[in-house]
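So the structure is just underneath, and the comments pick up after that.
The values are calculated or read from the model by the stated rules, or taken from the named source; none is laboratory data. Values in this document were obtained by computation on a predicted structure and should not be read as measured data. Counting neighbours? That spans all protein chains shown, and the Cβs are built from the backbone with ideal geometry, glycine included.
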Amino acid sequence: MLGYSGRAVLGPDVPPGEVFSTLVTTTMPPFMGGLLLAVIIAAIVTSTNSILHLPSMIPAIIVSLSLMIIVSLLTKKTPAEQFEKLGM
């Protein structure tokens, strides 16, 4: 969407790969361009951080599911009944 609006503002002679950078450098003050770049980098970092933390959560999920199964076997209650007892 930015590409289409940028080409509408800048004209059709701007290559598609350079629309964002040309739009930022020609229409925004340097401070706003730097702030926009920081926002984009922050989004990339948080996405990467979430992806890297996912494998560390898998053992915790397996352990919690195993404990839930063990408790349901010992108490002879279904997981739904256990969640009701906990108020979930």
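General remarks:
- Hits in region 1-15 (condition: surrounded by 11 or more Cβ atoms within 10 Å (Cβ to Cβ) and outside any helix (DSSP H, G or I)): V14
- Boolean, T46 is modelled with pLDDT of 80 or more and surrounded by 11 or more Cβ atoms within 10 Å (Cβ to Cβ): no
- Looking across region 16-37, the residues that are hydrophobic (A, V, I, L, M, F, W, C), in a helix (DSSP H, G or I) and either surrounded by 11 or more Cβ atoms within 10 Å (Cβ to Cβ) or within 16 Å of the chain's Cα centre (by Cα) (or both) come down to V19, F20, L23, V24, M32, L35, L36, L37.
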